[in-house]
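The values are calculated or read from the model by the stated rules, or taken from the named source; none is laboratory data. Predicted model only: the values in this text are computed from it and were never measured. We place every Cβ from the backbone using ideal geometry, glycine too, and count neighbours over all the protein chains shown.
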Amino acid sequence: MIIKDIRVYRGRNIYSHRPVIKMVVDIERLDIPTKDIPNFNEKLIKWLPGLSKHSCSYGYEGGFLKRLEEGTYLPHVTEHIILELQNMLGYDIKFGRARNIEGDLYYIIYEYGLEECGIRVGKLAVEMVNKFIQGEEFDLEERLEKIRNIIAEIELGPSTMAIKNEALKARIPVTRVGNGSILRLGYGKYQKMIEGTISQNTSCIAVDIASDKILTKQILKDHGFPVPEGDVAYNEEEAIAIAEEIGYPVAIKPYNGNQGKGVHLNITNREEVSIAYRNAKSYSDLVIVEKHIQGKHYRVLVVGEKVVAVAEKIPAHVIGDGIHTIEELVEMENKNPLRGKGHEKPLTKLTIDTISKMTLKKQGFDLENIPKKGEKVFLRESANLSTGGIAIDKTDDIHPYNIEIAVRAAKAIGLDIAGIDITMEDIKKPLIKENGAIIEINASPGIRMHHYPSKGKPRNVAKAIVDMLFPKGSKATIISEDHLGIDGIETLEDLAFVKALVVEAVKEDGYSVLNADDPMTPYLAQRAKGKIIYFSMYDNNLTVKKHIEKGGIAVYVKDGVIVIANGQIIPVVKIEEIPAALSGKVLYNVENALAAIAASYGVKVPVNIIAKGIKTFYCDTTHNPGRFNLFNVGNFRVLVDYGHNIAGIKSVIEAAQKLDANRLIGVIGVPGDRINS
């Protein structure tokens, strides 16, 4: 069996409302049930015992095994292998289909959790099948481990995943853009992009400011916020001089670092300054030396103009048991299933490096020491989750004045989402210069510490972000021969099936706007979710009449006026008052006006506003370029329209014939013609 093509459908599609992959395979004349291939089924069940839980078409656990016994074919088996491999990799995937195209060609449709994983698993499944057919050995675990490593590199981290899941809960479509942390929430005009916790509303200048720790501190100081005294060191001698000028203890960190890398706190002498400077210098050309602020480390999360979460950050540490060395305790803690590489899990694995050894030395320890039972030994002084720290929720403890401080600080920098790092003894008390300081402001704060605190109540920061981006109708167009012959769409019925995806996606309290004059509309109406608003050019349309009798809403033309029927007849606009319709000569724009009025009414736009919009929308290059635009060129009038299908061109010609021209000359170009590739 060979793979002929792989295509990814990232949104709703004709196969499923979930993202799927379509893999076209050639079975190369192996059109026989797998039970007739020597040892095939036995190997399959041995390597993939989880297949015993697949229900298949029988609808009960073990149904797929029954199909194997009865005799089923390679594409169907491959489909189930793909689903099971994804299950083994941690994705709860169930949807799959295998269908014959023609001859030896089949397509296999399957849901995926992570696109890159889905593609690789599809290829792995085909390779597995071929190995089983040929009787060759196959190391499945080795291949899966390679895919696991790739997943660890490109799977969304807890922060981004939380935002994705919260958007999906709110029924907002989510599309991942590339293999990074960029998500597209929603479609079309109202879509929002977000990368990590930087939204498209976040100012580039604000991010640049937050990335510059000295500039951030200067702006905060100018606004009257307490910040640590300090300066930039260009070399080791300057670092020592600054430290001695402001007085020990000091903190040293990279000028533009992040995630706590290269950060040294509570430095008390010249030797420690030199060591810390060299380490920080490896992360940044410039190094900051500032006064060390004594106290607990707090992260205050601001979204919009609200503080939505507060956490106390505890530096990376181990707790002695009186038996194991510090190095062994680190190894034991790293086996905690909540810890992973980077941001893949709620907590990050502990590391032993220059900073941790220096921190241990300050406490009088080295890696070979055995701490007493219950004794807490710190590996870091900076309290970042990225370096193995943990978080304790303190949202209910923050003083109201500190809430105000945090919101004002975020505004001063210009951030809509910000992590304000505050060091002070107790967040319950008001922050003043004498008891603490704002250490820095993060433009892309991680939110996993708030969603997965080691102690305290989880805070749904992702929901607050989604709600900020989306503060609290769908229209199906005429189905004509446009798109036929593309991607397997051969008939109007095929096209109606595809376009029905639009109305199937409508929310329960939403409306589908359907053209009652289209013969395919009854099919769409059967598949539509939510409620329906019909529109028609005729007041005697039977579908409209029946809909109104049942209490439904309809928009139609009556005596030259577009009206809305919703328990009463509401006049909206006269046909002659619609500029885009040229006094009724451009009939398809009357239809467009009907659809626009129906959609606007469905989302509760006031009728007077709808009428104003229709009366002030023109067919010109400002409002609607390329759609029935008329130009005066010398003694001629030129009509430009981007009609790109038979129905569209026919409608344009019919409208042009009503313009009282002595002669019509048509020029048809193909700037937007579609090609199969």
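Can you find, within segment 233-263, the residue that is farthest from Met358 (Cα to Cα) among those that are in contact with a Gly (Cβ under 7 Å, 6 or more places away or on another chain) and either in a strand (DSSP E or B) or not aliphatic (A, V, I, L, M) (or both)?
Across segment 233-263, the extreme among qualifying residues is Pro254.
Check segment 383-403 and report whether any residue there is in contact with a Lys or Arg (Cβ under 7 Å, 6 or more places away or on another chain), closer than 29 Å to Ala276 by Cβ, among the charged types (D, E, K, R) and in a strand (DSSP E or B).
no
Of the residues in segment 90-136, how many are of a type in the set (Val, Ile, Thr), at pLDDT 95 or above and surrounded by fewer than 19 Cβ atoms within 10 Å (Cβ to Cβ)?
The total comes to 1.
When you go through (1) assigned to a loop (DSSP other than H, G, I, E, B); (2) within 11 Å of the chain's Cα centre (by Cα) one by one for Glu136, which number turns out not to apply?
Result: Glu136 fails condition (2) only.
For His317, are the conditions met, namely being in contact with a strand residue (DSSP E or B) (Cβ under 7 Å, 6 or more places away or on another chain) and modelled with pLDDT of 90 or more? Spell out the reasoning first.
On the way: in contact with a strand residue (DSSP E or B) (Cβ under 7 Å, 6 or more places away or on another chain): yes; modelled with pLDDT of 90 or more: yes.
Here the answer is yes, as His317 does meet what is asked.
Take Leu140 and decide whether it is modelled with pLDDT of 95 or more, surrounded by 14 or more Cβ atoms within 10 Å (Cβ to Cβ), assigned by TED's automatic domain parsing to the domain that holds Thr78 and among the aliphatic types (A, V, I, L, M). Lay out the reasoning, then the answer.
Working: modelled with pLDDT of 95 or more: no; surrounded by 14 or more Cβ atoms within 10 Å (Cβ to Cβ): yes; assigned by TED's automatic domain parsing to the domain that holds Thr78: yes; among the aliphatic types (A, V, I, L, M): yes.
Judged against the criteria, Leu140 is not a match.
Would you mention how many residues in segment 53-69 are surrounded by fewer than 13 Cβ atoms within 10 Å (Cβ to Cβ) and either hydroxyl-bearing (Ser, Thr, Tyr) or more than 34 Å from the chain's Cα centre (by Cα) (or both)?
Of all residues in segment 53-69, those surrounded by fewer than 13 Cβ atoms within 10 Å (Cβ to Cβ) come to 57, 59-61, 69.
Filter once more, keeping what is either hydroxyl-bearing (Ser, Thr, Tyr) or more than 34 Å from the chain's Cα centre (by Cα) (or both): 57, 60, 69.
The number of residues fulfilling the criteria is 3.
Could you list all residues from segment 15-52 that are modelled with pLDDT of 95 or more and of a type in the set (Lys, Arg)?
Selection gives Lys22 alone.
Provide a single number: the residues in segment 294-311 that are more than 15 Å from Ile403 (Cα to Cα) and surrounded by fewer than 22 Cβ atoms within 10 Å (Cβ to Cβ).
Filtering segment 294-311 down to residues more than 15 Å from Ile403 (Cα to Cα) leaves 294-297.
Within this subset, residues satisfying the condition of being surrounded by fewer than 22 Cβ atoms within 10 Å (Cβ to Cβ) are 294-296.
Adding up the residues that qualify gives 3.
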